[in-house]
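We did not get these values from a lab; they are worked out from the coordinates using the rules stated. Note that the coordinates shown come from a computational prediction; the quantities given were computed from them, not determined experimentally. Cβ coordinates were reconstructed from backbone atoms using ideal geometry, including for glycine residues, and neighbour counts include every protein chain displayed.
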Ligand code: PXG
């Protein structure tokens with residue numbers, strides 16, 4: 001396209017991420033403003049946010065404290081090299097995140113996204129074993145239906161087929177646990193499902209198959225989000241932890257979604273009471289306002305790198321924007337807001353109410369399962385034969401036109417309202433969704 005052919009509002013140049021581009025550009029859905037629980041579209045109508053943006057705006061939109069902190073920081077120190085130089089806010093933010101983390105996770109390396117956090121964590125896991133003289137531990141174990149971002153490491157351990165299958169051979173030395181979706185046993189479970197802890201034994205089988213001494217790490221989401229909300233069966237995460245301990249395998253929890261209050265606790269690991277060796281996070285770290293992620297790890301892992309002459313770099317890894325000052329300001333302000341407004345406690349206090357809300361949709365047309373944990377909910381629909389994903393996609397379009405933003409994946413509607421949601425908002429989300437479900441053919 002020649003430069004002079006580009007028109008104002010020409011939508012062609014932007015190749016949109018994870019979007020049906022041709023469909024979108026024929027009938028664009030744009031948001032131009034946001035405040036609290038609501039967006040506003042181009043015609044000025046309010047759109048209720050039932051997905052916290054993309055699972056990230058936990059304190060709602062355009063929070064004055066977060067906006068103010070970003071403005072102040074931009075006026076003071078806009079950018080600072082992160083390699084061999086520092087600025088105070090990144091250290092402050094690191095301490096504040098560690099204060100929220102489960103006991104034993106003492107260090108954080110900053111990235112700019114969840115995908116980068118995942119690839120960083122996988123690299124740290126492999127390099128850690130090498131640093132302690134176990135260089136043969138190079139295998140990584142993920143799980144079917146897992147989502148760990150879109151970089152090569154993340155899609156290799158990930159288990160969402162369409163995110164992997166066209167990208168060549170991926171990383172070698174990767175294997176997968178089976179997923180824990182057992183609708184025939186667990187449909188309409190409230191909170192953690194009863195059946196499926198035995199699926200954790202897959203890790204034992206893979207350890208036997210490959211030799212446990214060859215496995216560096218296993219990575220799972222405490223609650224799998226992107227695949228359509230899979231809550232861990234009772235006892236499952238505990239058993240994964242045990243098997244890792246037996247074999248010296250590092251356990252990575254990908255908490256990009258479950259971090260920062262989504263389940264009513266600081267992290268999924270604190271919510272479920274299972275402590276991994278590494279945690280990846282992003283999204284809620286800055287309320288989604290400025291891109292930022294991180295990898296938390298134990299002192300054992302960190303200290304294993306702290307050898308050799310002191311002038312030498314210990315870990316050859318990092319990003320131009322790791323610990324970016326404006327992102328740190330957004331992070332510090334977000335953590336202040338979470339604490340001052342008691343948002344994790346608020347989410348916890350609303351979790352049972354939310355459970356009743358989402359399960360009230362049982363029995364509506366095409367609803368085949370409903371799942372929930374913390375302030376997350378999912379409604380699974382039966383697929384139209386031959387066109388999987390179409391039913392939920394059409395519902396998403398109708399919801400948007402009606403003033404409700406939902407997130408759909410396949411034929412699953414995933415709900416994750418901002419943690420500031422009042423019960424009246426939760427009622428409204430489920431009321432609007434119920435109407436849309438009732439209107440289906
Ligand atoms: N790990 C997990 C568990 C995630 O959920 C990532 C890594 C990657 O993060 P970045 O920041 O690189 O996108 C994610 C991201 C959805 C949805 O609606 C989920 C994500 C992103 C966008 C949409 O399911 N999760």
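When you scan region 108-135, how many residues do you find that are within 16 Å of the ligand (Cβ to nearest atom) and part of a helix (DSSP H, G or I)?
Looking only at that region, the number is 12.
Among the numbered criteria (1) out of contact with any strand residue (DSSP E or B) (no Cβ under 9 Å at 6 or more places or on another chain); (2) outside any helix (DSSP H, G or I); (3) buried (at least 23 other Cβ atoms within 10 Å of the Cβ), which single criterion is violated by residue 295?
Residue 295 satisfies all of (1) out of contact with any strand residue (DSSP E or B) (no Cβ under 9 Å at 6 or more places or on another chain); (2) outside any helix (DSSP H, G or I); (3) buried (at least 23 other Cβ atoms within 10 Å of the Cβ) except (1).
Would you point out the residue of region 247-292, among those that are outside any loop (DSSP other than H, G, I, E, B) and more than 16 Å from the ligand (Cβ to nearest atom), that is surrounded by the most Cβ atoms within 10 Å (Cβ to Cβ)?
Our first condition is that a residue be outside any loop (DSSP other than H, G, I, E, B); within region 247-292, this holds for 247, 250-254, 268-272, 278-281, 283-286.
With more than 16 Å from the ligand (Cβ to nearest atom) added as a condition, the list becomes 247, 250, 270.
Numbers: 247: 17, 250: 26, 270: 21.
Of everything passing the filter in region 247-292, 250 is surrounded by the most Cβ atoms within 10 Å (Cβ to Cβ).
Scan region 169-179 and give yes if some residue there is part of a loop (DSSP other than H, G, I, E, B) and within 11 Å of the ligand (Cβ to nearest atom), otherwise no. Step through it out loud before you land on a result.
Within region 169-179, the subset part of a loop (DSSP other than H, G, I, E, B) is 169-173, 178-179.
In the following step, the residues that additionally are within 11 Å of the ligand (Cβ to nearest atom) were identified as none.
Checked against the condition, which is being part of a loop (DSSP other than H, G, I, E, B) and within 11 Å of the ligand (Cβ to nearest atom), region 169-179 yields no hits at all.
Restricting region 40-50 to residues that are in contact (Cβ under 8 Å) with a residue 12 or more places away in the chain and surrounded by fewer than 22 Cβ atoms within 10 Å (Cβ to Cβ), which is nearest to residue 425 (Cα to Cα)?
Taking region 40-50 first, the residues in contact (Cβ under 8 Å) with a residue 12 or more places away in the chain are 41-42, 45-50.
Remaining after also requiring surrounded by fewer than 22 Cβ atoms within 10 Å (Cβ to Cβ): 41-42, 45-48.
Working: 41: 19, 42: 22, 45: 17, 46: 13, 47: 12, 48: 8 Å.
Taking the candidates together, the pick is 48.
Against the condition surrounded by 16 or more Cβ atoms within 10 Å (Cβ to Cβ) and without any contact (Cβ under 8 Å) to a residue 24 or more places away in the chain, how does residue 392 come out, does it pass?
Numbers: surrounded by 16 or more Cβ atoms within 10 Å (Cβ to Cβ): yes; without any contact (Cβ under 8 Å) to a residue 24 or more places away in the chain: yes.
So residue 392 fits the description; yes.
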